[in-house]
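What follows is a single structure, written as structure tokens, with notes after it.
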Amino acid sequence: MTPDSTRLPRHVAIIMDGNGRWAQRRGLPRVDGHRRGAKSVKDVVRAAREVGLRALTLYAFSSQNWDRPPDEVATLMQLLRDYVIDERAEIMGNGIRLIAIGEVDRLPDFVRDPLLDLVRDSAGNRAMTLCLALSYGGRESIVAAARALCELATKGVIQPSDLTEARFSEALQTGGLPQLDLLIRTSGEERLSNFLLWEAAYAELYFTDTFWPDFGREHLLEALASFDGRERRFGLTREQIRSAG
Ligand code: IPE
Ligand code: IPE
Ligand code: MG
């Protein structure tokens, strides 16, 4: 099944949740779930590229996840490093542009250095943007954008009256990405957990009980099929939407 590209979301984001429970249900340590989750990332990125998404944003590590047990945080950092090193050829070979959102400065050097190298080297790629949310929080990102705009206002570069919704959206780290169309969360939880709070304003939400390590191409296609069946109204009436075609 390949979704009709005219009904494809341009930008999909995924809260990749349930690694720990996937492992615990098998009597394995939580970090084994994270290792298996890394494989799902590879499969889903490839599938997203093949079906023709313009942008895929993956919530890999939240600002709040720093407070997890140190061993678990250390393993997650190691897996992130492995991911950017192991997937370099795949990303470059498939024309994928990698970007990162979040407090990238908080990442240890052994993650940040190969990450930023790949961000730089892939900057000219055009097939799809892969956006990794790392040490990311939606509230934190809104505050960072507000702070940057306040600084511009203090310097007289902009006036408070210049601030519009569009201008604010551009100031966010996601400013260069297409509007978020579809937000997926795995593992049965139905909450945003501080992800893309601003950007999700009119996103379609899709929740699945599947744990992230079990999520793959077919699950992504199921989510895309669900999106295809939705009627997005953006505050208008059904009649208005249908007459606009
Ligand atoms: C998602 O899986 C991965 C990260 C948050 C880094 P979890 O580790 O949250 O797994 P559960 O929710 O505890 O099962
Ligand atoms: C959200 O999952 C963060 C990521 C998937 C990276 P969490 O597991 O941290 O969220 P909560 O704690 O269930 O809200
Ligand atoms: Mg979780």
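Tabulated results
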| item | result |
| --- | --- |
| Inter-probe distance in nm under a simple model that places probes 7 Å from Cα toward Cβ, at Ala144 and Gln78 | 2.7 |
| Top of Arg26, Arg49, Arg185 by mean-square fluctuation, Gaussian network on the chain, Cα under 10 Å | Arg26 |
| Accessible area of the chain divided out per residue, in Å², using a probe of 1.4 angstrom | 51 |
| Calculated P(r) tail over 18 Å for segment 124-219, as whole % of Cα pairs | 58 |
| Computed helical MRE - 222 nm, the chain, DSSP H runs ≥ 4 contributing -39500 (n - 2.57), nearest 500 | -13500 deg cm²/dmol |
| Accessible area of the chain belonging to carbon and sulfur atoms, whole % at 1.4 Å probe | 49 |
| Reciprocal of mean inverse Cα separation for the chain (Kirkwood radius, Å) | 19.0 |
| Label point distance in nm, Ala200-Glu222, each placed 7 Å from Cα along Cα→Cβ | 2.0 |
| Exposure rank, largest accessible area first [Tyr202, Tyr59; 1.4 Å] | Tyr202, Tyr59 |
| q = 0.13, 0.16, 0.17, 0.18 Å⁻¹: log10 I(q)/I(0) that the Debye formula gives for segment 9-129, counting C-alpha atoms only | -0.53, -0.81, -0.91, -1.01 |
| Alpha-carbon centroids, segment 95-164 and segment 181-245: separation in whole Å | 24 |
| Efficiency of FRET between Arg167 and Gln240 - r from beta-carbon atoms, R0 25 angstrom, step 0.05 | 0.40 |
| Among 93-102, 9-18, 158-167, 107-116, the order from most to least packed when residues are scored by Cβ within 10 Å on average | 9-18, 93-102, 107-116, 158-167 |
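The values are calculated or read from the model by the stated rules, or taken from the named source; none is laboratory data. Remember, it's a predicted structure, so these values are computed and weren't measured experimentally. Neighbour counts run over all protein chains shown; Cβ positions are idealised from the backbone, glycine included. For accessibility, only protein heavy atoms count, side chains too; no ligands or nucleic acids. Shrake-Rupley method; radii C 1.70, N 1.55, O 1.52, S 1.80 Å.
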